[in-house]
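*Asks:* Below is one structure. I have some questions about it.
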Amino acid sequence: MSKAGVINGAILQFDGVSKSFGGLQAINHLSFDVREGEILGLIGPNGAGKTTIFNLITGVYHPDQGKIRFQNTEITGWQPHRVVNAGIARTFQIPRPFHHKTITKNVEIALIPNAILSHGLSKQERSDTVSQLCAKVSVCKIFGTEGCHLIEDGFCDCMFEFPSALPHAALRNLEIAKAMATKPNLLLLDEPFAGLTMSEVDDMSALLRTMKQEGRTQIVVDHNMRGLMRLVDRVVVINFGQKLAEGTPEEIAKNPAVQEAYLSGSSN
Amino acid sequence: MILKRARTLTWVSAAIILISLGFLILVPQLFVGNSFLISTFVFANIYSILAMSWDLLSGYTGQISFGHSFFFGIGAYTSALLSMHLGWSPLYTIPLGGVMASLGGLLVATPALRLRGPYLSLITLVSALGIDQLIRVLKLGSTGAEGAIQCEIDLATGVNHCVPPISANEVEVYYFALGLMVCIAIFLIFLVRSRIGLAFEAIRDDEEAAEAAGIDAKKYKILAFMISGFLAGLAGAVMVHKMQQASPGLVLDLNISIEAIVASVLGGMGTILGPVGGAYFYILIRELLRPFGQWRLFAVFVIALLILLFIPRGVLAEIRLRLMHWIKSEKPKEPQQGARA
Amino acid sequence: MKLLEMQEINVFYGKAQALHDIALDVQDGEFVSIIGPNGAGKTTLFNAISGLISYKGTIIFGGKVLPKKTYDTVQLGLIHCPEGRSLFPFMTVVDNLRLGAYRRKDKEVERDLQEVFELFPRLKERQRQLVRTLSGGEQQMVAIGRALMGKPRLLMLDEPTLGLAPIVRSHISKALDEIQSRHNVTILLAEQNADFAFKHSDRMYLLETGKIVRQGTSAELQYDPYIQQAYLGH
Amino acid sequence: MEVIAEVLIFGFLISSLYALVSVGFSMIFGVAGVLNLAHGAMAMFAAYIASWAIMTFGLGFLPASILGVLGVALISPILYWVIIRPLGEKPVVVFLATLLLGVIFEQAMILAFGFNARVLPPIIKGGFIVFGDIRILYNRALAGAVAVILIGLLWLFITRTKYGKAIQGISMSTKGAALSGIPTHKIILLVWAISGALAAIAGLFSASFLGVSPLADREFTVIAFSTVVLGGLGSLPGSLLAAFIIGYVETITVQFAPEARGLASLAILIVVLILRPQGLFGRAHE
């Protein structure tokens, strides 16, 4: 999965980016790198600007200042779909399935190419890919079978189910399946553990580790650093749109500035 | 054996569609010489095309258009003017009308891309009102009065000069309209089931999430506008050759946009075939129940409102969903382990 | 006396169940917290109590069955200060506060307004400013102030410290102490910041994925190994 | 000079009626989130009620008009409660439902009164106010004065009274309003009644100048929809300003290029929407 010509092993460079909304400086001269193959934790209290960073990377917002480079290509100001097709996929903090489409169609949507006349994948290839992805992230586990089976002729046992039938944890998995369908090199996960039980958090962590082994670099956002510490390789702590600290989980846990930001409000 | 119900259902719906189609093919034979009835069926086919076109843009892609008369009128005027002044056969000018309307779609889509919801709907409405005014101001028609194109008698030769009909034979006109409608329906059914249709629906459900799934929403929206414009333009062009005249009141009236919406609501938005049923229902009531006067339209609109209130998905979509639940209730007995590999 | 009491409260979003058999009570004058991670169902629970969403089951408030419409719950003095604040951004601070007293017909509204200003002197300085021009912390003060203007018997605070700087958080913290001691208001707090909750509460419930998994006095839960490991990081 | 004065005066008179129609439309969108495409039907309906009362009972214009206004102020909230509210949070369905409601009203008027236009008698017959060479019919001047007074009263009501502040509150945060103990449903009904009444008054005056026909509602709806989008959804001052922009643009085009009357305001609308999609005073979303 390694790409040629990546400087310093950085797959994504977030370089001096600022963004304000009205009077609010949401992101203030923020710089950090994401290294090829790592899981980077992006933590910070709620409202620190983590989701804004994702929106800046994925092109939903455009930075007022600064540059964003992905695999040595500058992607600042690109439209969201172009960023996705360059190899960056994201999940949303609150799952956003396409409510009127079945689960398998939800995943299939992410396989649609933009060249209107090109063929892309054949129908069989598409449905196979969808089934594999559904099985991999076990979206359809709740329907009583393990994973998602191709029953026959491309029929899969969750092909008649709509997202409204899924419990919360499965919706999170569906988000990941949709993101994976775009074949990303970099995956942005916005609070993937929110609302999950302890055991579901473990399942999710295992899934993210597997994807890391397949070479998918990840940025995981969470407001709660404790949940993330065992998963991530490195942590960037954000507070009020600025970088508060950066380092390995062990370093961050000992960092007094981080302790201050997280605990002072309640300990004084 | 597994999903037997799904297959049964496919066969049953195919049979229903074929029987309806068979009936439509036999209409001229069943009602020989009843030119009023055959005319009515021609209108029903034209409105079906219009309603399907609205459904593609609004039902599938979620871009609610209040101005489909814009496309309808462009198609009508283009085809009428070309065939009358250049003497081209309607068989060439009708597609050209569609092409012009499609370009009109591109024109509307350009500002519409930045707009959502009511803003977008207003732009479509304004374009329809605007072209109506423009044609009146430019006196685009042959007679000049209010931009109308009417029959003119050439004083030198005494020949009556009109918008040419598609054919002098009403039955041929009927088959032309029916054939066109069926071809378009087939085309659209394939289109909405393709990945393009899937992209349309994704944009309708959640545009931001669609972009996050890598879909170029702008491109697909332009495509939807252009295809929808093309089809509505074809409908308008066929209409103008059927009526052999054109005026803003005939082909650009807001009523036409409203009727397209009503037909789609009656049959069910986002189903393609539903709007065809809705258009037939609407036109047959409008034409055949004339003795009831205005009551018939009042009743149709009330029915449409009741459908919105109680079956907001639309009749066909509701049936489809119920059937889907029915299929689902038949669980596969023994999931074949590892069949995926 | 029990001010708020519920047994087997269930909430569904479509087919998915968001809350499972919630049983919970709050004594008069007590400070009770519900802690739990993001997405555990704290906001859902609050929205259900104040009638913003529908639920299955019966809630008893002040000895009577709590109506299921928001308007009626407010009339009874159950005031919910929601997550995200739901302020009126294009209105002034003082208008926002006055609307909090919409239901009241007593003569003490003006006195209570002054008390809110004493509690948050910042708001007095800015009373003529539009709420949207305030900082996040000041907006939170308006939200709490507006809730107090409704003369609550039970004040439900959903994540009042969300996204606030440490210094502002400590302001809010002090204000909560004062509200409790001076005004003798019963408080039900939802927090994901367990430390903050421990500092204020008499009793706590831990909510995870829509179920109450632990409950007890703050002192008891402080030494619960599960809570220590997952929420306190000791 | 005279032409300018004429444009100024007649532009003002027409704009104030447009404002009356659009303010109500804007308020309904503000509190209920509904773009009420049946709004124009309310204006038309009031004129028909008045006309019917005059013909059937021989009422004078004033009592007949009051009947018309009250009738609409009653039916408008009923439509909301019975038809719009049960549809819930489905903007597209609501949008289409109001469209159908408008069309149903048109058909009902055709059934009851036929296709032909009817003219209401003016409130004050004959007589002109004279400014130099410009003569304004008393009736038109009265319409302008009533519109300005009503808008002024509405403004006071919204900014000064408790109910008015509740209306503002609901339009900014329905949830916040409900949690503050505001009876949101009652206030929304009140807004539908007020909006209907204002549209009704505009419709009555318009019918006394130009008459009313079953499809007259469309022009009202288009004006209301355009001004509110032009001014920015949810902004009352924006809608008022937009009503005056459209009113004046129309008056000017009628004066100098009467054929392009309808086109000019549409063109302005398109240009503004392209340059500033949120409208002139739009509250930026998110």
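*Asks:* Select from segment A:9-52 the residues that are open to solvent by 20 Å² or more (accessible area, probe 1.4 Å), of a type in the set (Lys, Arg) and more than 25 Å from A:Glu214 (Cα to Cα) and list them in ascending order.
*Replies:* A:Lys19
*Asks:* Can you go through D:Leu233, D:Leu266 and tell me which one is under 23 Å from D:Ile151 (Cβ atoms), open to solvent by less than 50 Å² (accessible area, probe 1.4 Å), at the interface with chain B (Cβ under 9 Å from one of its Cβ atoms) and at pLDDT below 90?
*Replies:* On the way: D:Leu266 fails: under 23 Å from D:Ile151 (Cβ atoms).
Checking each option against the conditions leaves just D:Leu233.
*Asks:* Can you pull out the residues in segment D:162-205 that are touching a residue at least 60 places away in the same chain (Cβ under 8 Å), among the hydrophobic types (A, V, I, L, M, F, W, C) and within 30 Å of C:Leu148 (Cβ to Cβ)?
*Replies:* D:Ile167, D:Ile170, D:Ile187, D:Ile188, D:Leu189, D:Leu190, D:Val191
*Asks:* In segment A:53-67, what residues are of a type in the set (S, T, N, Q) and surrounded by fewer than 23 Cβ atoms within 10 Å (Cβ to Cβ)? Please lay out each step first, then the result.
*Replies:* Restricting attention to segment A:53-67, the residues satisfying the condition of being of a type in the set (S, T, N, Q) are A:55, A:58, A:65.
Those that are of a type in the set (S, T, N, Q) and surrounded by fewer than 23 Cβ atoms within 10 Å (Cβ to Cβ): A:Asn55, A:Gln65.
*Asks:* Just to verify a result, which residue in segment C:37-80, among those that are within 14 Å of chain A (Cβ to nearest Cβ) and surrounded by fewer than 22 Cβ atoms within 10 Å (Cβ to Cβ), is farthest from the chain's Cα centre (by Cα)?
*Replies:* C:Asn38
*Asks:* So which residues in segment C:208-234 are over 26 Å from A:Glu260 (Cα atoms) and in contact with a Lys or Arg (Cβ under 6 Å, 6 or more places away or on another chain)?
*Replies:* Correct list: C:Thr217 only.
Residue-wise test of (1) open to solvent by 50 Å² or more (accessible area, probe 1.4 Å); (2) touching a Gly at 6+ places or on another chain (Cβ under 7 Å); (3) under 30 Å from A:Glu250 (Cβ atoms); (4) within 11 Å of chain A (Cβ to nearest Cβ).
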residue: C:Gln129; (1), (2), (3), (4): yes, no, no, no
residue: C:Arg132; (1), (2), (3), (4): yes, no, no, yes
residue: C:Met156; (1), (2), (3), (4): no, no, no, no
residue: C:Leu164; (1), (2), (3), (4): no, yes, yes, yes
residue: C:Ile172; (1), (2), (3), (4): no, no, no, yes
residue: C:Ser181; (1), (2), (3), (4): yes, no, no, no
residue: C:Arg214; (1), (2), (3), (4): yes, no, yes, no
residue: C:Glu220; (1), (2), (3), (4): yes, no, no, no
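*Asks:* Can B:Cys151 be described as touching a residue at least 24 places away in the same chain (Cβ under 8 Å), open to solvent by 50 Å² or more (accessible area, probe 1.4 Å) and either hydrophobic (A, V, I, L, M, F, W, C) or more than 14 Å from every other protein chain (Cβ to nearest Cβ) (or both)? If you could, list the steps in order and put the result at the bottom.
*Replies:* On the way: touching a residue at least 24 places away in the same chain (Cβ under 8 Å): yes; open to solvent by 50 Å² or more (accessible area, probe 1.4 Å): yes; either hydrophobic (A, V, I, L, M, F, W, C) or more than 14 Å from every other protein chain (Cβ to nearest Cβ) (or both): yes.
Taking the combined requirement at face value, the residue satisfies it.
*Asks:* On the given criteria, is B:Ile135 among the aliphatic types (A, V, I, L, M) and modelled with pLDDT of 90 or more?
*Replies:* So B:Ile135 does not fit the description; no.
*Asks:* Of the numbered conditions (1) within 11 Å of another protein chain (Cβ to nearest Cβ); (2) surrounded by fewer than 24 Cβ atoms within 10 Å (Cβ to Cβ); (3) out of contact with any strand residue (DSSP E or B) (no Cβ under 6 Å at 6 or more places or on another chain), C:Glu83 fails exactly one; give the number of that condition.
*Replies:* (3)
*Asks:* So which residues in segment A:139-178 are modelled with pLDDT of 75 or more, surrounded by fewer than 19 Cβ atoms within 10 Å (Cβ to Cβ) and polar (S, T, N, Q)?
*Replies:* A:Ser164
*Asks:* Restricting attention to segment B:255-289, and to residues there that are within 14 Å of chain D (Cβ to nearest Cβ) and surrounded by fewer than 18 Cβ atoms within 10 Å (Cβ to Cβ), which single residue is farthest from the chain's Cα centre (by Cα)? Explain how you work it out, then say what you get.
*Replies:* Restricting attention to segment B:255-289, the residues satisfying the condition of being within 14 Å of chain D (Cβ to nearest Cβ) are B:255-270, B:275, B:278, B:282, B:285-286, B:289.
In the following step, the residues that additionally are surrounded by fewer than 18 Cβ atoms within 10 Å (Cβ to Cβ) were identified as B:255, B:285-286, B:289.
Values: B:Asn255: 14, B:Ile285: 18, B:Arg286: 17, B:Leu289: 23 Å.
Looking at the filtered set, the residue picked out is B:Leu289.
*Asks:* Of all residues in segment B:103-136, which are facing another protein chain (nearest Cβ under 8 Å), farther than 17 Å from D:Pro277 by Cβ and open to solvent by 40 Å² or more (accessible area, probe 1.4 Å)?
*Replies:* Residues satisfying the conditions are B:Leu129, B:Gln133, B:Leu134, B:Arg136.
*Asks:* Select from segment D:44-60 the residues that are in contact (Cβ under 8 Å) with a residue 60 or more places away in the chain and surrounded by 21 or more Cβ atoms within 10 Å (Cβ to Cβ) and write down the one among them that is farthest from the chain's Cα centre (by Cα).
*Replies:* For segment D:44-60, the residue satisfying everything is D:Ser51.
*Asks:* Go through B:Leu178, B:Leu140, B:Leu122, B:Leu155 for me and flag whichever is touching a Phe, Trp or Tyr at 6+ places or on another chain (Cβ under 8 Å) and part of a loop (DSSP other than H, G, I, E, B). Steps first, please.
*Replies:* On the way: B:Leu178 fails: part of a loop (DSSP other than H, G, I, E, B); B:Leu122 fails: part of a loop (DSSP other than H, G, I, E, B); B:Leu155 fails: touching a Phe, Trp or Tyr at 6+ places or on another chain (Cβ under 8 Å).
Answer to the check: B:Leu140.
*Asks:* Kindly indicate whether any position in segment D:234-257 is out of contact with any strand residue (DSSP E or B) (no Cβ under 8 Å at 6 or more places or on another chain), of a type outside the set (Gly, Ala, Ser), outside any helix (DSSP H, G or I) and more than 30 Å from C:Ala101 (Cα to Cα).
*Replies:* Checked against the condition, which is being out of contact with any strand residue (DSSP E or B) (no Cβ under 8 Å at 6 or more places or on another chain), of a type outside the set (Gly, Ala, Ser), outside any helix (DSSP H, G or I) and more than 30 Å from C:Ala101 (Cα to Cα), segment D:234-257 yields no hits at all.
*Asks:* Right, next: Can you tell me how many residues within segment C:91-109 are crowded, with 18+ Cβ neighbours inside 10 Å, more than 7 Å from every other protein chain (Cβ to nearest Cβ) and assigned to a loop (DSSP other than H, G, I, E, B)?
*Replies:* Of the residues in that region, 1 qualify.
*Asks:* Kindly evaluate B:Leu96 against the criterion of being part of a helix (DSSP H, G or I), open to solvent by 60 Å² or more (accessible area, probe 1.4 Å) and farther than 23 Å from B:Lys219 by Cβ.
*Replies:* yes
*Asks:* Follow-up question, since we're still on this one. Taking A:Pro95, is it part of a loop (DSSP other than H, G, I, E, B), within 19 Å of B:Glu207 (Cβ to Cβ) and more than 7 Å from every other protein chain (Cβ to nearest Cβ)?
*Replies:* Details: part of a loop (DSSP other than H, G, I, E, B): yes; within 19 Å of B:Glu207 (Cβ to Cβ): yes; more than 7 Å from every other protein chain (Cβ to nearest Cβ): yes.
Against the criterion (part of a loop (DSSP other than H, G, I, E, B), within 19 Å of B:Glu207 (Cβ to Cβ) and more than 7 Å from every other protein chain (Cβ to nearest Cβ)), A:Pro95 qualifies.
*Asks:* Can you tell which of D:Phe157, D:Phe105 is open to solvent by 30 Å² or more (accessible area, probe 1.4 Å), aromatic (Phe, Trp, Tyr) and in a helix (DSSP H, G or I)? Walk me through it before giving the result.
*Replies:* Numbers: D:Phe105 fails: open to solvent by 30 Å² or more (accessible area, probe 1.4 Å).
Exactly one residue qualifies, and that residue is D:Phe157.
*Asks:* May I pose another question? C:Phe88 versus (1) away from chain D (no Cβ under 13 Å); (2) of a type in the set (Phe, Trp, Tyr); (3) in a loop (DSSP other than H, G, I, E, B): which is the lone unmet condition?
*Replies:* Against the list (1) away from chain D (no Cβ under 13 Å); (2) of a type in the set (Phe, Trp, Tyr); (3) in a loop (DSSP other than H, G, I, E, B), C:Phe88 comes up short only on (1).
*Asks:* Here's another thing I want to ask about it. Is one or more of the residues making up segment D:131-139 farther than 22 Å from D:Gly232 by Cβ, in contact with a Gly (Cβ under 6 Å, 6 or more places away or on another chain) and hydroxyl-bearing (Ser, Thr, Tyr)? So that I can check it myself, show each step before the final result.
*Replies:* Of all residues in segment D:131-139, those farther than 22 Å from D:Gly232 by Cβ come to D:131-139.
Retained after the next criterion (residues that are in contact with a Gly (Cβ under 6 Å, 6 or more places away or on another chain)): D:138.
Retained after the next criterion (residues that are hydroxyl-bearing (Ser, Thr, Tyr)): D:138.
Checking segment D:131-139: at least one residue is farther than 22 Å from D:Gly232 by Cβ, in contact with a Gly (Cβ under 6 Å, 6 or more places away or on another chain) and hydroxyl-bearing (Ser, Thr, Tyr).
*Asks:* Return the only residue of A:Thr182, A:Thr210 being open to solvent by 10 Å² or more (accessible area, probe 1.4 Å), within 9 Å of another protein chain (Cβ to nearest Cβ) and among the β-branched types (Val, Ile, Thr).
*Replies:* On the way: A:Thr210 fails: within 9 Å of another protein chain (Cβ to nearest Cβ).
The match here is A:Thr182.
Condition check ((1) touching a residue at least 60 places away in the same chain (Cβ under 8 Å); (2) surrounded by fewer than 24 Cβ atoms within 10 Å (Cβ to Cβ); (3) at positive phi; (4) within 22 Å of the chain's Cα centre (by Cα)) across all residues:
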{"residue": "B:Leu9", "(1), (2), (3), (4)": "yes, yes, no, no"}
{"residue": "B:Leu24", "(1), (2), (3), (4)": "yes, yes, no, yes"}
{"residue": "B:Phe31", "(1), (2), (3), (4)": "no, yes, no, no"}
{"residue": "B:Ser35", "(1), (2), (3), (4)": "yes, yes, no, no"}
{"residue": "B:Leu91", "(1), (2), (3), (4)": "yes, yes, no, yes"}
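*Asks:* Select from segment B:154-189 the residues that are modelled with pLDDT of 85 or more, open to solvent by 20 Å² or more (accessible area, probe 1.4 Å) and touching a helix residue (DSSP H, G or I) at 6+ places or on another chain (Cβ under 8 Å) and list them in ascending order.
*Replies:* Scanning segment B:154-189 gives B:Pro164, B:Pro165, B:Ile166, B:Ser167, B:Glu170, B:Val171, B:Tyr175, B:Phe176, B:Leu180, B:Val182, B:Ile189.
The values are calculated or read from the model by the stated rules, or taken from the named source; none is laboratory data. Owing to the predicted nature of the structure, the values given are computational and were not obtained by experimental measurement. All Cβ positions, even for glycine, are placed from backbone atoms using ideal geometry, and neighbour counts span all protein chains on display. What goes into the accessible areas is simple: the full protein's heavy atoms, side chains included, and nothing from ligands, DNA or RNA. Shrake-Rupley method; radii C 1.70, N 1.55, O 1.52, S 1.80 Å.
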